[in-house]
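The structure under discussion appears below in the form of structure tokens.
The values are calculated or read from the model by the stated rules, or taken from the named source; none is laboratory data. Everything numeric here is computed off the predicted structure, so don't read it as measured data. All Cβ positions, glycine included, derive from the backbone under ideal geometry; neighbour counts span all protein chains shown. The protein model used for the area step is the full one, side chains on, heavy atoms only, and it has no ligands, DNA or RNA in it. Shrake-Rupley method; radii C 1.70, N 1.55, O 1.52, S 1.80 Å.
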Amino acid sequence: MVAAPRVGVLALQGDVREHDRALLAAGAVSSHVRRPEHLDDLDGLVLPGGESTTISRLLEVFELLDPLRKLVADGLPVYGSCAGMILLAREVLDGRPDQQGVGGLDVVVRRNAFGRQVDSFEADLDFAEVGSVHAVFIRAPWVESVGEGVQVLATVPGGGPAAGRVVAVRQGSVLATSFHPELTGDHRVHGRFVDLVKETLA
Ligand code: GLN
């Protein structure tokens with residue numbers, strides 16, 4: 001039998017335990033990344049939600065930014081949720097000028113895009129290759145534009161002001177969602193990511 005893939009969860013800030021649980025349910029073994037040496041021998045990595053400006057600063061303080069950039073550029077499968085999506089984006093609108101990113105995803109994202117009135121909300125999305133997903137958005141970004149190799153996986157439904165906004169994307173083995181699937185007990189988005197990790201190991 002093939003061993004369960006080893007997926008690190010960046011554990012500087014944010015909802016780390018919920019990702020552990022979802023990864024375990026999806027058939028992976030998770031470990032926490034706080035130091036560069038914790039990146040050794042990982043098959044994939046999750047960048048959780050939290051506050052992207054804080055995570056960015058902590059990545060620099062803990063000397064993780066450069067090793068992470070290199071690993072992702074070299075093809076380590078990575079899944080970013082919310083702040084994690086912001087960290088992966090090629091360009092961030094409404095970010096802080098000193099905010100550093102990991103890169104790897106050819107998209108432009110807008111931070112806190114849904115505005116103050118509706119900064120947290122829930123919606124049922126049609127998620128490509130997964131099906132209907134109940135999505136929890138918390139001061140979420142959206143994807144403003146995507147590059148050529150990026151597949152749009154989900155958009156905001158309905159007729160409201162945010163209808164049609166892109167909230168889930170994939171570029172090769174880089175997956176990102178504006179929302180937090182780890183909070184709902186539905187592990188299919190993590191399952192999709194673990195499948196991508198397994199594909200790179202095959
Ligand atoms: N608004 C946060 C940021 O800019 C992201 C929120 C989240 O991860 N839930 O980083």
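Worth a mention:
- Ordering of 153-162, 6-15 by burial proxy (mean other Cβ atoms within 10 Å per residue, highest first): 6-15, 153-162
- Each residue of segment 145-160 was assigned a 3J(HN,Hα) from its phi angle through the Karplus curve 6.51 cos²θ - 1.76 cosθ + 1.60 (θ = phi - 60°); the sequence is 7, 10, x, 4, x, 9, 9, 7, 9, 7, 10, 6, x, x, x, x Hz, with glycine and proline shown as x.
- Ranked packing of 169-182, 29-42, most packed first, by mean Cβ within 10 Å: 169-182, 29-42
- Residue-normalised accessible area of segment 1-61, expressed per residue, 1.4 Å probe, Å²: 48
- Placing unit charges on the Cβ atoms only, positive for Lys and Arg and negative for Asp and Glu, gives the chain a dipole magnitude near 240 debye about its Cα centre.
- Amide proton proximity set for G80, modelled H, under 5 Å, gap of 5+: L47, L175, A176, T177
- Calculated diffusion of segment 115-202, Stokes-Einstein form, Kirkwood radius summed over Cα pairs, 37 °C and 0.692 mPa s, µm²/s: 242
- Helical runs assigned H by DSSP (4 residues or longer) give the chain a calculated mean residue ellipticity at 222 nm of -7000 deg cm²/dmol, each run adding -39500 (n - 2.57) before division by the residue total.
- Dipole of segment 105-202, positive end: most advanced residue of P157, V167, N112 [Cβ charges, Cα centre]: N112
- Accessible area per residue in Å² at 1.4 Å probe, computed on segment 76-171: 45
- Simple rule: put +1 on each Lys or Arg Cβ and -1 on each Asp or Glu Cβ in the chain, find the dipole, and look at M85, L68, G50; the Cα lying farthest toward the positive end is G50.
- Annotation: amide H of S31 within the under-5 Å range of V7, G8, V9, sequence separation 5 or more or interchain, hydrogens built in the peptide plane.
- For segment 5-87, the Stokes-Einstein estimate of translational diffusion at 37 °C and a viscosity of 0.692 mPa s comes to 264 µm²/s, using the Kirkwood hydrodynamic radius over alpha-carbon pairs.
- The chain - percent of accessible surface contributed by carbon and sulfur, probe 1.4 Å: 48
- Note on the chain: Cα-Cα pairs beyond 32 Å make up 8% of the total pair count.
- Interchain or long-range residues, amide H under 5 Å from L93's placed H: V109, R110, R111
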